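None of the figures in this text is laboratory data; all of them are computed from the coordinates on show. Computed from a predicted model, the values in this text were never measured in an experiment. Note that we place each Cβ from the backbone using ideal geometry, even for glycine, and neighbour counts take in every protein chain shown.
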Ligand SMILES: Cc1cc2nc3c(=O)[nH]c(=O)nc-3n(C[C@H](O)[C@H](O)[C@H](O)COP(=O)(O)OP(=O)(O)OC[C@H]3O[C@@H](n4cnc5c(N)ncnc54)[C@H](O)[C@@H]3O)c2cc1C
């Protein structure tokens, strides 16, 4: 269904967005073909896809010629003997619910991650012990011209929070391996994962989840595992290093820990805040703008870089910003 002049904020988890001049709500494969044909006929070069909007910061200072939104109605799940075929608009919450009930082993590990399966393969969404591509056999998509393209997992070579799906394709279907799982154990694991999220994440406020990717382990930054200096202690280079302590290297070097150690937990720009509960989450306390969020991200990155020599990379996908706006998120000196 084609709509015009649509406010995008309600379609993103952080509730920030500009306006879509054309907004195609895709409820079926046929709708998706129509949307791409519409794009092709008008020669619209700049467009983007919205899944659940759980990992997006959309610049609200501008409008967008075309947004293709995958609706939850584009959401069939088909069970085959050794695989599960999932349409791209299926939300992970439903996939996990159905999967736990049916005993599709592994699917419970995605419990509590917001968004659609389409977004999950683009992002290779997951938790430290599990990622979407642990289950994916194949991804089917349409390219910008509406032609079907197919990618096997081995070809994509997905990495940390990146499924390596080529740009300008729209994922239409994801084929998952069907493994036998113990339903009771899966249900318990899913519940535990959701409880942990409620405990650690600021779920009462709109956000887009982790703002920055967790940086490489300490060895990559020249700090042998388990031998970091205590927080606040100056290194010979004049920088402080975070303590690699009881939590283990990953914990001490997690983006949220670094931001917190840089003293920025709770920092605000307008109504955007580095959450007091989890410093790697930017939360919208009311009327935050994309610029507020961008400024906070730049502040966090500069301060962590200056103090610890670690240059954080955004995990959130940022849409509609000028290269000059994003420059400070790429530079490697404060
Ligand atoms: C509270 C909270 C907790 C979170 N926790 C986690 C977590 O534990 N682990 C984790 O990995 N992530 C987490 N996230 C981030 C988010 O849930 C994931 O990145 C999720 O996979 C995004 O899916 P989405 O459908 O919302 O994608 P969107 O945010 O809509 O889009 C993300 C990217 O994928 C593209 N895209 C989406 N659908 C398609 C499609 N069908 N075809 C082509 N491109 C597409 C978009 O253009 C964009 O570039 C969290 C987010 C929130 C708000």
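Kindly express, to the nearest 10 degrees and within the range 0 to 90, the angle between helix 183-200's C-alpha long axis and the longest C-alpha principal axis of the chain.
Helix 183-200 and the main axis of the chain meet at about 50 degrees.
Working from Cα positions, state the angle (0 to 90°, nearest 10) between the long axis of helix 290-308 and the longest principal axis of the chain.
40
Using a Förster distance of 22 angstrom, determine the FRET efficiency expected from the C-beta separation of residue 21 and residue 148, and round it to 0.05.
After rounding to 0.05, the efficiency reads 0.20.
Quick check: Cα centre of the range 124-189 to Cα centre of the range 279-305, how many Å?
29
Contour minus end-to-end for residue 327 and residue 197, with contour as 0.36 nm per residue of separation and end-to-end as the Cα-Cα distance?
Net length gain for the segment: 43.6 nm.
Taking all pairs of distinct Cα atoms, average 1/r, flip it, and tell me the Kirkwood hydrodynamic radius of the chain in Å to one decimal place.
It is 21.0 Å.
Just to be sure I understand the model, the point goes 7 Å from the Cα along the line to the Cβ. What's the resulting residue 168 to residue 127 distance in nm?
In this crude label model, residue 168 to residue 127 measures out at 3.8 nm.
Between helix 92-102 and the chain, what is the angle of the helix's C-alpha long axis to the longest principal axis, kept within 0 to 90° and rounded to the nearest 10?
Relative to the chain, helix 92-102 is tipped by roughly 70 degrees.
Rounded to the nearest angstrom and ordered from largest down, what semi-axes does the equivalent ellipsoid of the range 77-194 get from its C-alpha gyration tensor (root of 5λ)?
24, 15, 12
When the Cα atoms of the range 1-53 are enclosed in a convex hull and the volume is divided per residue, what value in Å³ results?
77
Obtain the nm distance between the two label points defined at residue 78 and residue 45 by a simple spin-label model: each point lies 7 Å from its Cα along the Cα-to-C-beta direction.
Taking the simple label geometry, residue 78 and residue 45 are separated by 3.8 nm.
Restricting to the chain, compute how many DSSP beta bridges are antiparallel as a %, nearest 5.
Within the chain, antiparallel bridges account for around 75 percent of the total.
For a label point 7 angstrom out from the Cα of residue 65 toward its Cβ, which stretches of the range 133-156 have the backbone nitrogen within less than 11 Å?
Hits in the range 133-156 for residue 65 at 11 Å: none.
Mind putting together the pair-distance distribution for the range 1-97? All Cα pairs, 5 Å bins, whole percent per bin, short to long.
3, 13, 22, 22, 18, 12, 6, 3, 1, 0
Based on the Cβ-Cβ distance of residue 33 and residue 276, what FRET efficiency does E = 1/(1 + (r/R0)^6) give at R0 = 45 Å, to the nearest 0.05?
0.45
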